[in-house]
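Student: Shown below is the structure under consideration.
Any read-out appearing in this document is the output of simple, stated calculations on the displayed coordinates, not a laboratory observation. Remember, it's a predicted structure, so these values are computed and weren't measured experimentally. We place every Cβ from the backbone using ideal geometry, glycine too, and count neighbours over all the protein chains shown.
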């Protein structure tokens with residue numbers, strides 16, 4: 001694929017612009033040579049998604065699909081890809097962003113539009129995987145709010161310096177364009193990410209950021225891509241160990257593992273999102289037993305999901321296998337807030353110190 005100039009030593013925005021422009025130039029070159037224009041799109045099928053044991057996350061294999069204007073059934077799809085690529089090139093060039101929903105509405109004015117937003121989202125993913133860039137690099141933003149960060153870190157977003165200790169009780173909200181945010185200074189030793197905002201606020205109220213010299217990150221459930229990127233950056237750039245504390249159920253396990261080893265769906269960008277060195281702090285099946293936590297019985301869907309996790313290559317580690325088997329054996333699950341049985345302060349005063357010592 002031709003590009004405007006060498007990508008070496010360029011910013012992410014410049015690389016994105018070059019690749020988007022190169023995509024168009026590739027089609028133009030085919031026309032000039034009187035060849036039928038075509039595009040190679042890496043396959044995102046399950047057979048082409050591989051767990052890389054060395055990298056410890058899912059990656060795409062080397063299988064590609066070819067979309068050609070010589071195939072009547074593929075003409076619309078190629079036209080949509082070109083429209084989206086041109087839209088993104090304009091965004092990057094003008095240093096603008098658009099949500100996926102906004103792009104869908106803008107497409108109403110295109111000659112080749114979409115039948116629904118799901119279709120436009122899929123074409124956006126096609127561009128993402130074809131260029132090897134994240135959608136955020138292409139100017140496309142998700143709808144979800146960013147996670148919250150509280151602790152002793154100073155960031156620079158544009159021309160504004162942000163102190164996450166002085167940004168209100170909810171701290172700093174992670175920007176969708178987190179790669180454009182600078183880490184100016186920090187005085188912390190670790191990061192503790194928690195699944196629920198209830199636990200996040202409990203940790204802020206109990207001054208866990210002081211007690212553990214930590215950044216507190218409220219994930220708001222399944223972590224958004226920007227949140228995962230933030231956790232990876234602080235782990236690699238600031239050398240901060242990352243700990244994840246989620247509900248003690250298969251869904252909490254999954255949320256943590258997506259942060260640690262990425263997801264199959266995002267195999268093409270897991271290199272930017274996964275944090276393989278992050279550690280699961282809890283809640284585990286062993287915690288349920290050892291701390292005699294209030295529980296709910298596992299539902300059939302929980303049991304099915306746990307069995308799926310046991311066969312997932314991301315859970316090969318003996319510790320994960322032990323915890324999955326133990327949860328199936330006891331037939332129970334527990335929420336983070338279940339520690340409140342012993343008082344509101346217990347999770348910060350007792351549970352976290354004991355678990356951090358165990359994992360250190």
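Student: Could you work out the percent of alpha carbon pairs in the chain separated by over 32 Å, rounded to a whole number?
Tutor: Within the chain, distances greater than 32 Å cover 39 percent of Cα pairs.
Student: Let me ask you something else. Run the quick spin-label model on residue 290 and residue 316: label points 7 Å from Cα toward the beta carbon, then report their separation in nm to one decimal.
Tutor: 2.6 nm
Student: What angle do you read, to the nearest 10 degrees and between 0 and 90, between the alpha-carbon axis of helix 318-330 and the longest principal axis of the chain?
Tutor: Result, in degrees: 60.
Student: Please rank 268, 201, fewest neighbouring Cβ atoms within 10 Å first, as an exposure proxy.
Tutor: Lowest to highest Cβ neighbour count: 201, 268.
Student: To the nearest 10 degrees, how steeply does helix 225-237 sit against the main Cα axis of the chain, on a 0 to 90 scale?
Tutor: Tilt of helix 225-237: around 70 degrees.
Student: Residue 105 to residue 238: extension gain in nm, 0.36 nm per residue of separation minus the Cα-Cα distance?
Tutor: Computed gain between residue 105 and residue 238 is 43.9 nm.
Student: Determine, from the Cβ-Cβ distance of residue 52 and residue 169 and an R0 of 51 Å, the FRET efficiency 1/(1 + (r/R0)^6), rounded to the nearest 0.05.
Tutor: 0.80
Student: Still on this structure: Cut-off 10 angstrom, C-alpha nodes, Gaussian network model of the chain. Which of 343, 248, 198 fluctuates the most?
Tutor: Residue with maximal mean-square fluctuation among 343, 248, 198: 343.
Student: A further question follows. Test of understanding: ordering 245, 88 by Cβ neighbours within 10 Å, fewest first, what list do you get?
Tutor: 245, 88
Student: With runs of 4+ DSSP H residues as the only contributors, calculate the mean residue ellipticity of the chain at 222 nm using -39,500 (n - 2.57) per run, divided by the residue total and rounded to the nearest 500.
Tutor: Counting only the DSSP helices, I get -12000 deg cm²/dmol.
Student: If you rank 352, 183 by fewest surrounding Cβ atoms within 10 Å, what's the result?
Tutor: Lowest count first: 183, 352.
Student: Another one. Taking 0.36 nm per residue of separation and subtracting the Cα-Cα distance, what length does fully extending residue 116 through residue 71 add?
Tutor: So the chain would gain 13.9 nm between residue 116 and residue 71.
Student: Here's a follow-up. With the crude spin-label approximation of a point 7 Å out along Cα→Cβ, what separation in nm comes out for residue 64 versus residue 90?
Tutor: If labels sit at residue 64 and residue 90, their model points lie 2.9 nm apart.
Student: Just to be sure I understand: with springs between alpha-carbon atoms less than 10 Å apart, which residue in 17, 243, 291 has the highest mean-square fluctuation in the Gaussian network model of the chain?
Tutor: 291
Student: How high is the FRET efficiency between residue 197 and residue 346 when r is their beta carbon distance and R₀ equals 25 Å, given to the nearest 0.05?
Tutor: The value I calculate is 0.85.
Student: Quick check: pseudo-label points 7 Å beyond the Cα along Cα→Cβ at residue 184 and residue 360, how many nm apart are they?
Tutor: If labels sit at residue 184 and residue 360, their model points lie 3.0 nm apart.
Student: Out of 112, 36, 288, any idea which swings most in a Gaussian network model of the chain, alpha carbons joined below 10 Å?
Tutor: Sorting by GNM fluctuation, first place goes to 36.
Student: Considering every pair of different Cα atoms, what Kirkwood radius, in Å, is found for the range 12-141?
Tutor: 15.5 Å
Student: Same structure, new question: Calculate how many DSSP beta bridges within the chain are antiparallel, expressed in % of all such bridges and rounded to the nearest 5.
Tutor: Antiparallel bridges make up about 65 percent of those DSSP assigns within the chain.
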